[in-house]
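See below for the structure under consideration.
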Amino acid sequence: MAQFYIPGFVRIDELRLTDEYGSAEFSVVYDDSQLGQVAQVTVGSRSDGPPIVGQTPPAISLGKVRTIGGWAYVFCYALPAPTNWHNEKTVVFTGRPSNFEFYVPGFVAIDKLRPVGDFGIVQLFVRYNTMNVGEIHHVTVSSVGPDRELPVGAVDLGLIHPYGSWRYVRYTDEIVFTQA
């Protein structure tokens, strides 16, 4: 899943795949007279069927796409952004996801994993909250294969293909210090 904060958001008009791994570009329609209203837009996919009907907010289907992993149904939904949305920033970490560890003040989530080259190096787009920097998180990124089994508390980041074999990437985080 990916999450964006979009001022004046109306809808996602088009989805274009940019590679066989599921990376995509979106054409976003926004109302420039409503830029003061920011939406928290979440885009996700499901391989086992279209979006679930009846969820709140309702999921809007963006279509069905073919990637290396098979077919996936892509959807989005939008909510009003939380009042502190502008306090969140993104930093990029680069490394190999084999026991890749780092510390992030105010950690919120890893929003995106992007392979760089053919040697297992990835970029991690890490979101943190500037209003919560007194809380230090220890983040560990690892990869396993070919099983996708997630330990308790781990978050799945998707697949990479280093050295000709598929690996599942995941992360865990733990608060190691809280400033009073």
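The values are calculated or read from the model by the stated rules, or taken from the named source; none is laboratory data. Everything numeric here is computed off the predicted structure, so don't read it as measured data. Glycine gets a Cβ as well: all are built from the backbone with ideal geometry, and neighbour counts include every protein chain shown. Note: accessible area is taken over every heavy atom of the protein model, side chains too, but ligands, DNA and RNA are not part of it. Shrake-Rupley method; radii C 1.70, N 1.55, O 1.52, S 1.80 Å.
Summary table
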| quantity | calculated |
| --- | --- |
| Residue match in the stretch 132-150 (condition: closer than 20 Å to Tyr5 by Cβ and either assigned to a strand (DSSP E or B) or open to solvent by 30 Å² or more (accessible area, probe 1.4 Å) (or both)) | yes |
| Any chance Phe100 is within 28 Å of Glu20 (Cβ to Cβ) and open to solvent by 30 Å² or more (accessible area, probe 1.4 Å) | yes |
| The listed residue being more than 15 Å from the chain's Cα centre (by Cα) and at pLDDT 85 or above, out of Gly120, Gly145, Gly164, Gly153 | Gly153 |
| Candidates Val108, Val92, Val122, Val104 - the one that is in a strand (DSSP E or B), closer than 26 Å to Ala24 by Cα and out of contact with any Leu (no Cβ under 9 Å at 6 or more places or on another chain) | Val108 |
| Residues satisfying the stated conditions in the stretch 157-180, i.e. assigned to a strand (DSSP E or B) and surrounded by 13 or more Cβ atoms within 10 Å (Cβ to Cβ) | Leu157, Gly158, Leu159, Ile160, Arg167, Tyr168, Val169, Arg170, Tyr171, Thr172, Asp173 |
| Tally, over the stretch 68-96, of residues that are touching a residue at least 40 places away in the same chain (Cβ under 8 Å) and under 17 Å from the mean Cα position of the chain (by Cα) | 9 |
